[in-house]
Structures are given as C-alpha cells and as structure tokens.
Amino acid sequence: MANQMDPRIAFPKASGRAATDAGFDAGLRSYMLSIYNYMASGVLLTGMIALFLANNEVMRSVFYGVNEAGRLSPTILGWVAMLSPLVMILVMNFGINRLSETGLKAMFFVFAGLMGVSLTTIFFRYTDASIAQTFFVTAASFAGLSLFGYTTKRDLSAMGKFLMMGLIGLLVAMIANIFIQSGPMQIVINMVGVLIFAGLTAYDTQRLKVMYDDIAGSDMVGKAAILGALTLYLNFINMFQFLLAMFGNRN
C-alpha cells in the first residue's frame, strides 16, 4: 500500500536544494504542515459523513438496506461508494503528472467522503463510547508515532520493507478468513494490523520528510503534500479500524 502511494515514483527530482538552510527548513515545515492539515481534514470529513448517515435513515437508505438477517447490506450505489476509493487511489497516483493540484485536492476530499460512507456501519456494530475512545487512542498513538518518524535519526527504510511484506501477508490472511471465519485468526489479524500500520505511520512520516529534499523548490511540492496526506490518512483509518475491532464494545 505504501509503495503504491509513494510520490517519489511520480515526481521528478528538483534541480537543487533550497537556496539556504533556513529557507529549506521553513519550506519543510510548511510542506509537512500541509500534509497534516489535509490528512486531519480528510479524517474529519470521513467522520462527519459516517456520523450523518448513521443518524439519517433517509440518506442512509440510499447506500444501505436491511437484509433478511436484520443487518445493513450495501445497495448497488453503496457498493459503488465502497469500491470507488480503490479506483481513486490508482488514478491519483498514476495520473499525478496529468492532474492539477486543485484536481488532486478535490479527488482527495471526494475519496475521504466516500470512505465516510464505508465507515457508516461501525456506528451500528459498536457503541458510540467505544468509537470515541478508540478514535482518541488512535489519534494519540498516531501523533506519537508520526513525531517519532519525523525526529528519529535512525533510517527506517529496512523497517518499511519488512512492513510491506507483512502487509501483503495480512491481506492474504484477511481474504482467507472471509471463507474460514475463524475467531482466533481474526484476533491475530487485528493485532498484526495494528502493529503494521503503527510502524507504517513512523516509516511514511520519515519517508515524506526525506522526500522533500528531492522536490524542494519544484512545483511538485503541493501535489506531494496531498499524496502524503493520503498515505497518512490510510494509515490512521486502518489503525483505527483494527483497534476498534480489538477493543470496541459491540452493540
């Protein structure tokens, strides 16, 4: 997932470092602040839409119906809303050179909105209190891990490669458990998922910081910030969902 969203794949290297160290540091702070602002705005938008749909039966019925077991089941439009983000990730990454910064930004927020549709069901599976508690735990953990990734002098590249292998294994296990339906296996998946996305948060933060050295002074900084926000957003959302599955109190 992280490699697929690595802006270095799409961005040409700038002609040189900023004119002065002071200017470079100021540019780096602005770049990282933009990443966090976009990411936080995306998470907020996702949460607002999920909460709105959970409490508005009329709008929710557009995306979800109730099946014979009395559970929410996606309508055709619901499936479109749930699968569209995967397509948008590919378009944003592989179409980066053809998309304008404004267009890329619009796609990011549409993506975050569609993710809100997908996350609506958590309000029916878990109590409001456990959702809120898990969100704040995730936010605090994310902040600490990202701060570590930003400030550490240790090269996390090797850890990133290990985490990517772990992520592939996690996806295989999740697909397998759809058919196996093993409770113990799901517990292991949740625990491993939390660890992987916690590690990716630190790794991706460092990667985004280091990448600025290549794009400083170029017109790709704005686009890189949006893709960086997308990467950290996905780390946050995935870590939140795995933590909620582990510790959330079900309705």
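Less than 5 angstrom separates the built amide H of Tyr126 from those of Asn251, all sequence-distant by 5 or more or on a different chain. This model, with +1 at the C-beta of Lys and Arg and -1 at the C-beta of Asp and Glu, gives the stretch 3-247 a dipole about its Cα centre of some 220 debye.
Of Lys223, Lys161, Lys209, Lys153, the sequence from fewest to most neighbouring Cβ atoms within 10 angstrom is Lys153, Lys161, Lys209, Lys223.
Annotation: amide H-H contacts under 5 Å for Tyr64 (H modelled 1.01 Å from N, sequence separation of 5 or more, or interchain): Thr75. Scaled against 2.2 N^0.38 Å for its residue count N, the alpha carbon radius of gyration of the stretch 87-226 is 1.23. Look at the dipole of the stretch 3-247 built from charges on Cβ: of Val80, Val221, Phe142, the Cα furthest out on the positive end belongs to Val221. Here the relative contact order of the stretch 3-247, from alpha carbon pairs under 8 Å that lie six or more residues apart, stands at 35 percent. Helix 101-118 axis versus longest C-alpha principal axis of the chain: approximately 20°, rounded to the nearest ten. The string of couplings for the stretch 140-155 from the Karplus curve (6.51, -1.76, 1.60, θ = phi - 60°) is 5, 5, 4, 4, x, 5, 5, 5, 4, x, 6, 9, 5, 8, 6, 6 Hz, one whole number per residue in order, with x for Gly and Pro. Between Met174, Ala245, Met107, whose Cα lies farthest towards the positive end of the dipole of the stretch 3-247 when Lys and Arg beta carbons carry +1 and Asp and Glu beta carbons carry -1, centred on the Cα centre? After comparing all options, I get Met174.
If you count Lys pairs in the chain whose Cα atoms are under 17 Å apart, skipping same-chain pairs closer than 8 places in sequence, the total is 5.
Each reported figure results from applying straightforward, stated rules to the coordinates on display, with no laboratory input. Predicted model only: the values in this text are computed from it and were never measured. All Cβ positions, glycine included, derive from the backbone under ideal geometry; neighbour counts span all protein chains shown.
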